[in-house]
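See structure below.
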Amino acid sequence: MAIIGKIRNNSAIIIIAFVIVGIAMLYESFKTANPNFSLFGDNTEYGIGTVYGEKVDANKYSQISARVQDQDRIQAQQQQKEFGDKEIESSNDKSWNFMVDSLILSQEYNELGISVSDREFNSYLMAMDGFTVLQDLAQFFTDSLTGTITEQSTIKGRQKLQATLTQLKTNKDPQAVQQWNSTKQYYTDRRKQEKYFNLLSQGVYVTKLEAEHEYHSNNEKKNISFVFRRYSEINDADVKIKDSELRAFYDEHKSDSKYAIRSASREVRMFDVVIAPSKKDSLTSKRFMVNIKSQFQKSTNDSIFVMKNSYNKMYVGDKRATAVPEGNEKANRFQTYPKTLDTIFKVAKVGQVVGPYFSGENIFVSKVIGFTPSKLSARHILIAADKSKDAKFIEGKKKMADSLLKLINKDNFTSFVEKFSEDPGSKTNGGKYENFLEGEMVKEFSDFCATQAIGKIGVVKTDFGFHIIEVLDRSTDKLPLLVSVSQPFKASEATISNKESEVTEILYKLDRQISKESDPLKKIALFDTIVTRAKKFPRPIQIEDNSAKVYGFTTSLAADKILELAYGPNAEVGTLTSYPIKDKDKYVIAMVSSIKEKGEPKFEDVKAQMERDLIEEKKAKRLINQMSKLKSLDKLAKAGNTTVMQAEVTFGAPQINNAGYEPEIVGALFSAIKDKKRTLPLKGKNGVYVIVVNKTTKAPSTANYNVERDQLLNAVKGSIQSQALAALRKKADVVDNRKLFDLRVRL
């Protein structure tokens, strides 16, 4: 809403508001321009993706994504933020999700007969007939003085909004017509969505039996004594597993649901070699900057010197030149320097040049041109005076400020803020601005706060008007004002060439040895062994077939190369990158390590998981055998070099203190074990237990279970929208093939 507040024309307000709210109106925008608009197309065999088995039209997607990119780019520019590859990808994802959800929900609306009449639409926008004010239209209904929505401001708001809508509806300009159609379609679809999820919500209920079960699960308690032996007591290396045993375990359990592959995917194993500047590069950069430092110390015109010698040609000679140590809470607003130099900068003399020093990807020398308090606090009353007004108006505002100054003191300051201040940013907290720096405020305001005595109250004029300021606090600690000369600190061509040779040699070694193997598991083992011996760190990347994307790369080119490797026409386990992939400041080598199809897994796909499970099973058998020989908990504890522990458990929260989350163990206690009885050794998630139930405390009797029912109902209703959308997307079997389509890998 911050952008909306800067727009004065009501017509502009509503149009900008619709852009900020989201992209849902785009559907009707394209539909209006093309009556035959459809989210589905048939331009290739596979397309950019499918919904309900139908191919999504790549051309329509391109149109929508282009529009969304334009909107997000404009918003990023207004917020002075970067709009690069990552932001473009985020815009494209918004476009895709919009298309998918619009199609899925539109089918739901049609099947259920959900519609919105003109009268309902009007009441929805105008906050009438039981509808509340929509958040994105609250600007129209808010009282300009109090900032709240009142009965009177709502009446006026309806009039303003109606006038704006009338202006939009009656404007014959084609662009205005399209804007109105888009606006109406957006709010119509939004209301349909509310009705749809309200309908689902009304179908949700909790029975008395469920509420009663919830009550007893949380309030019936069992006090237990137990001996617990963790699996970690036995080293994995001490559990021997033969290949034949693992194969037999696979044959027996491969159909178990826990091992089933629920969606097709691929795995790529990779490692990277960082291209960092060498010691020689560092010495060369330092020698160069030492020479710059000597010249900078003698310079009498810092601005010209910076423009001539610095890579970052930016000169600021006022309090905006404040510098803070790295990690400081103000680091995102001011230049920074390493924490190790904090003392050096703070004791430096004005005119002294410090450096060379490294920060980020640059090397710096910095001249100290002054100091500023590290913290300022003040409160103020703003008497706004637009400088575009005539002199008589300005003079009237000055007289008002001067007259108020005579009446204000530290005890009544807050009450005067509430009555007279026109600064919405501080009015609600007594006019206070705390913990700010001089460079964050306009010069006249910050000068007063930095130089006047603590407790001083005075009037200062700025471009915003007249400020009645009271200085509340000022730190004696100082921050330096720095003018800096910087140069990039990068690896030299020789260093880059050496790193490329290093990683290429590893790749050749991988190719020579892996190409000799036919067993997929041995190929994976070879990759990990060779990479580890080269003192690099192999790691896996999982890629879902239905949404083929990879993360963690600096450049989109590197990510694309990984996808081409994984989904190339000849991809199989053991396929290596044909050359080192450059990802900005590192080289990447990767190998296809798994191609999983939905359903029953192949041995190599679950070998590692089954090996861990088989080791745990063998550990459990060993511990159960040991613990079965003794009947007393004390003897069991002594034999296991542990203690008898106590805990209180409930069925609803199956956590055992000092042991962990054990739903199966707790479930067994509540289903079959009577008081004063001891269990046999029980295999749990974290180890083996022998338990004695000391006492069962029944849940107190209650007249009803309304509290539990309400809690369960609220929990279900709170998640119904996200769960319903997830279920609908699953039902629609959405396949996002955009990346592979763009790469011409899977069409």
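The values are calculated or read from the model by the stated rules, or taken from the named source; none is laboratory data. Note that the structure is predicted; figures quoted are calculated from it, not measured. All Cβ positions, even for glycine, are placed from backbone atoms using ideal geometry, and neighbour counts span all protein chains on display.
Structure notes:
- Residue selected from region 633-675 under the condition surrounded by fewer than 13 Cβ atoms within 10 Å (Cβ to Cβ) and among the small types (Gly, Ala, Ser), by the criterion nearest to the chain's Cα centre (by Cα): Ala653
- For Ile506, the conditions (1) surrounded by fewer than 14 Cβ atoms within 10 Å (Cβ to Cβ); (2) at pLDDT 95 or above; (3) in contact with a strand residue (DSSP E or B) (Cβ under 8 Å, 6 or more places away or on another chain) all hold with the exception of (1).
- Screening Phe228 with (1) under 39 Å from the mean Cα position of the chain (by Cα); (2) farther than 26 Å from Gln139 by Cα; (3) surrounded by 15 or more Cβ atoms within 10 Å (Cβ to Cβ) gives one miss only, at (1).
- Qualifying positions in region 565-583 - within 17 Å of Asp272 (Cβ to Cβ) and in contact (Cβ under 8 Å) with a residue 60 or more places away in the chain: Leu565, Ala566, Leu576, Thr577, Tyr579, Pro580, Asp583
- Region 381-418, residues that are outside any loop (DSSP other than H, G, I, E, B) and loosely packed, with under 11 Cβ neighbours inside 10 Å: Ala391, Lys392, Ser403, Lys406, Leu407
- Of all residues in region 558-579 being more than 15 Å from Phe741 (Cα to Cα) and not small (Gly, Ala, Ser), the one that is farthest from the chain's Cα centre (by Cα): Asn570
- Some residue of region 619-631 being closer than 15 Å to Tyr250 by Cβ, surrounded by fewer than 18 Cβ atoms within 10 Å (Cβ to Cβ) and either modelled with pLDDT under 95 or of a type in the set (Asp, Glu) (or both): no
- All conditions in (1) surrounded by 12 or more Cβ atoms within 10 Å (Cβ to Cβ); (2) closer than 30 Å to Pro480 by Cβ; (3) over 42 Å from the mean Cα position of the chain (by Cα); (4) touching a residue at least 40 places away in the same chain (Cβ under 8 Å) hold for Ser446, with the sole exception of (3).
- Of all residues in region 251-276, exactly one satisfies the criterion of being over 30 Å from Asp583 (Cα atoms) and part of a strand (DSSP E or B), namely Ile261.
- Those strands (runs of 3 or more DSSP E) of region 330-373 in which at least 2 residues are over 31 Å from the mean Cα position of the chain (by Cα), considering only elements entirely within it, cover 353-359, 362-373.
- Pairs where the first residue, in region 412-423, is assigned by TED's automatic domain parsing to the domain that holds Gly455 and among the hydrophobic types (A, V, I, L, M, F, W, C) and the second is in a helix (DSSP H, G or I) and at pLDDT 90 or above, C-beta under 7 Å, 6+ apart: Phe416/Leu404; Phe420/Leu404
- Positions within region 190-207 being more than 30 Å from the chain's Cα centre (by Cα) and in contact (Cβ under 8 Å) with a residue 40 or more places away in the chain, in sequence order: Leu199, Val204, Tyr205, Val206
- Tally, over region 277-301, of residues that are farther than 20 Å from Glu493 by Cβ, β-branched (Val, Ile, Thr) and in a helix (DSSP H, G or I): 2
- Considering residues of region 106-164 that are of a type in the set (Gly, Ala, Ser), over 34 Å from the mean Cα position of the chain (by Cα) and assigned to a helix (DSSP H, G or I) only, the residue surrounded by the fewest Cβ atoms within 10 Å (Cβ to Cβ): Ala163
- Restricting attention to region 508-531, the residues that are in a helix (DSSP H, G or I) and touching a Leu at 6+ places or on another chain (Cβ under 7 Å) total 6.
- Verdict on Arg191 being surrounded by 15 or more Cβ atoms within 10 Å (Cβ to Cβ) and part of a strand (DSSP E or B): no
- Residue list for region 243-254, restricted to those being more than 42 Å from the chain's Cα centre (by Cα) and under 21 Å from Leu623 (Cβ atoms): Glu245
- Top-ranked residue in region 208-225 [being buried (at least 17 other Cβ atoms within 10 Å of the Cβ) and within 38 Å of the chain's Cα centre (by Cα); ranked as farthest from Leu713 (Cα to Cα)]: Tyr215
- Unique residue being part of a loop (DSSP other than H, G, I, E, B) and surrounded by fewer than 14 Cβ atoms within 10 Å (Cβ to Cβ) when the list is Tyr315, Tyr311: Tyr311
- Flag for Ile562 being on the phi < 0 side of the Ramachandran plot, outside any helix (DSSP H, G or I) and in contact (Cβ under 8 Å) with a residue 12 or more places away in the chain: no
- Looking only at residues in region 451-479 that are outside any strand (DSSP E or B) and touching a Ser or Thr at 6+ places or on another chain (Cβ under 7 Å), the one that is farthest from Ala391 (Cα to Cα) is Asp477.
- Any hit, region 603-625, residues being farther than 29 Å from Gln542 by Cβ, in the same structural domain as Arg678 (by TED's automatic domain parsing) and more than 46 Å from the chain's Cα centre (by Cα): yes
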